[in-house]
Amino acid sequence: MLSVSQAEEIILNLVQPLDAQQDQEVVMLLTAIERILAAPVVGVLDFPHWDNSAMDGYAVRYEDVKQCSDLEPSVLEIVEEIPAGKEPQHFIKTGQAARILTGAVMPLGADTVVMQENTRREGNRVFILTSPEPQEFVRHRASFYQAGTPLLQPGIKINAPEIAVLAAAQCNHLTVYRRPRVAILSTGDELVTPDQPLQPGEIVDSNQYALAALIAQTGAEPLQLGIVEDQPEAITEAIAHAVATSDIVLSSGGVSVGDYDYVDQILESLGANIHIRAVAVKPGKPLTVATFPATETSNHKPVLYFGLPGNPVSALVSFWRFVQPAIKKLSGISHSWGPVFVNARSRQDLRSDGKRETYLWGSLHLVDGYYEFQLAGGSHSSGNLINLAQTNSLAVLPVGKTLISTGEIVQVLQVSSPIIKN
Ligand code: AMP
Ligand code: MG
């Protein structure tokens, strides 16, 4: 059976990122948060836009002040005051200075700013008491960024710092990758939606909701295709529809060896190539990964198919470990596809049978700068989703490891932010 890392490598190699030319859309700056840039942004403004002052002080000609001191100050005539946002009106001649405030445009003629603390003012005269360095406290036009050169590169995610840069550069529209479309279908005759009364033996299709939430959190668009009965015709039709409308299809249930588990057969009958049928992982062993070749109906793109186990915990763990990196790679982001692992001190004994790489759910805490892992209380059966609430991480026990004792370091896959004690 494939190991987790072998499966991960196969999956990532199967993913073809969205096409920067075809799979793009233009969005307004404010709605660009967390989108992935699909084309370089080239600014039309230099940064700084003008030579300006980095200090409150006096704009002077260096030649006038290069040899002054407390005892022999240079005395200059103040010809104007330049606050930020005002255009200077005077050319500074020899023997002259302008009062200038931080961020204000340097007047022509002046080349240096003397900070206020090194001056004394008397009426419209200023005494320069310390000789500055040439060009001191002048931020030169284009010294931070030159118009016409790339400002931001494609493949990055737009977060608040990029919004700040783009707003300052007056880039109000951006070309981003469209969101990947991820279809979800739940197979199982026993499934009902959360709003339906339960008949004996029925269970609620929680996977549909959990997976939709995870897909949206990953920046993709979930297409909820609902519950499909365990009937080959119904499943065939649902998968064919899903493949025609999405980049990735997730089905849950029906991939183990039960009598009603048709999914693998159906995939083959629809022309898919099956790359993975099972992975040595617990929970989540019955995992199907397949690709549908590019066709007209699939928008000329291959479609990736994940047949996830039906067990609610297995479905989520498989999503975090295998599906999320695939969505990220597909989305156009150029880095950080894989899960985030950190080392944490375990607060409990962690056990596994050592046969498969085992993921135990719980919460990661950041205590005085160190991570601690708290195992979720209650049963760690993959059918128990109740103690999954407040899970922010999964402790990983490698194959062959049957025990990680209390106080030992364990590798933890982080699925959301740690709990920080304030
Ligand atoms: P299966 O993989 O179809 O054999 O399902 C394994 C277990 O997961 C069964 O107990 C199912 O009832 C349960 N299950 C399957 N699909 C879902 C779903 N969409 N939501 C919640 N539980 C499910
Ligand atoms: Mg089933």
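Readers should treat all values here as calculations from the given coordinates under stated rules, not as data from a laboratory. Only a predicted model underlies this, so the values are computations on that prediction, with no experimental measurement involved. Please note: Cβ atoms are built from the backbone with ideal geometry, for glycine as well, and neighbour counts cover all protein chains shown.
Separation between the Gln153 and Gln22 pseudo-spin-labels, each 7 Å from Cα along Cα→Cβ, expressed in nm?
If labels sit at Gln153 and Gln22, their model points lie 2.6 nm apart.
Do any of Lys157/Lys301; Lys157/Lys355; Lys285/Lys328; Lys157/Lys282 go past 30 Å between their Cα atoms, and which?
In this structure, Lys157/Lys355; Lys157/Lys282 lie more than 30 Å apart at Cα.
With θ taken as phi - 60° and the coefficients 6.51, -1.76 and 1.60, list the Karplus ³J(HN,Hα) couplings across the range 6-11 in order, rounded to whole Hz; mark glycine and proline as x.
With the stated coefficients, the range 6-11 comes to 5, 4, 4, 5, 4, 4 Hz.
Can you give me the Cα centroid spacing of the range 127-168 and the range 62-89 in angstrom?
With the range 127-168 and the range 62-89 each reduced to a Cα centre, they are spaced 25 Å.
So what are the ³J(HN,Hα) numbers for the range 74-83, from phi and the Karplus equation (6.51, -1.76, 1.60; θ = phi - 60°), rounded to whole Hz, Gly and Pro as x?
These are the phi-based 3J(HN,Hα) values: 8, 10, 10, 8, 7, 9, 6, 10, 10, x Hz.
With a ≥ b ≥ c the root eigenvalues of the C-alpha gyration tensor of the range 47-87, is it rounded (a/c under 1.5), prolate (a/b larger than b/c) or oblate?
Prolate, since a/c reaches 1.5 and a/b exceeds b/c.
Tell me, what ³J(HN,Hα) does each residue in the range 327-333 have, in order and in whole Hz, if you take phi through Karplus 6.51 cos²θ - 1.76 cosθ + 1.60 with θ = phi - 60° and put x for Gly and Pro?
Running phi through 6.51 cos²θ - 1.76 cosθ + 1.60 with θ = phi - 60° gives 5, 4, 4, 5, 5, x, 5 Hz.
Compare Ser379, Ser363, Ser206 in a GNM of the chain, Cα atoms joined below 10 Å, and give the one with the largest fluctuation.
So, out of Ser379, Ser363, Ser206, the one fluctuating most is Ser379.
Between Ile386 and Leu30, take the C-beta separation as r, use R0 = 41 Å, and let me know the FRET efficiency to the nearest 0.05.
0.55
What are the residues whose amide H is under 5 Å from the amide H of Glu221, where those residues sit 5 or more places off or on another chain and H is modelled from the backbone?
Amide H to amide H, under 5 Å and 5 or more residues apart or across chains, Glu221 pairs with Arg181, Val182.
Could you tell me which of rounded, prolate or oblate describes the range 52-139, using a ≥ b ≥ c as the square roots of the eigenvalues of the alpha-carbon gyration tensor, with rounded for a/c under 1.5 and, failing that, prolate when a/b is larger than b/c and oblate otherwise?
In terms of gyration-tensor shape, prolate.
Return the long-range amide H neighbours of Arg35 (sequence gap of 5 or more, or a different chain), with a cut-off of under 5 Å between placed amide H atoms.
Result for Arg35 returns Ile158.
Which residue fluctuates the most in the chain, going by a Gaussian network model with Cα springs under 10 Å, if the choices are Ala32, Ala376, Ala110?
Ala110
Please list, ordered by chain and number, the residues whose modelled amide H lies under 5 Å from the amide H of Leu191; skip anything fewer than 5 residues away on the same chain.
For Leu191, the qualifying residues are Ile203.
Assign one of three labels to the range 128-231, namely rounded, prolate or oblate, based on the Cα gyration tensor with a ≥ b ≥ c the square roots of its eigenvalues; rounded applies when a/c is under 1.5, prolate when it is not and a/b is larger than b/c, and oblate otherwise.
It comes out prolate by the Cα gyration axes.
I'd like to compare 195-205, 320-330: which one has the highest average count of other Cβ atoms within 10 Å, and what's the full order after that?
320-330, 195-205
Could I have the simple spin-label model distance between Met1 and His173, label points 7 Å from Cα toward Cβ, reported in nm to one decimal?
5.3
Which semi-axes, in whole Å and largest first, does the equivalent ellipsoid of the chain have when worked out from the alpha carbon gyration tensor as the square roots of 5 times its eigenvalues?
Output for the chain: semi-axes of 62, 27, 17 Å.
Would you mind ranking Ile128, Ile239 by Cβ crowding within 10 Å, fewest neighbours first? Intermediate values should be presented prior to the final figure.
On the way: Ile128 24, Ile239 28.
Least crowded to most crowded, the residues run Ile128, Ile239.
With springs only between Cα atoms under 10 Å apart, run a GNM on the chain and tell me which of Val182, Val303, Val44 wobbles the most.
Residue with maximal mean-square fluctuation among Val182, Val303, Val44: Val44.
Just to confirm my numbers, what's the Cα centroid distance between the range 313-371 and the range 396-422 in Å?
9
With a Förster radius of 56 Å, plug the Cβ-Cβ distance of Ser334 and Gln199 into 1/(1 + (r/R0)^6) and report the FRET value to the nearest 0.05.
Calculated transfer efficiency: 0.70.
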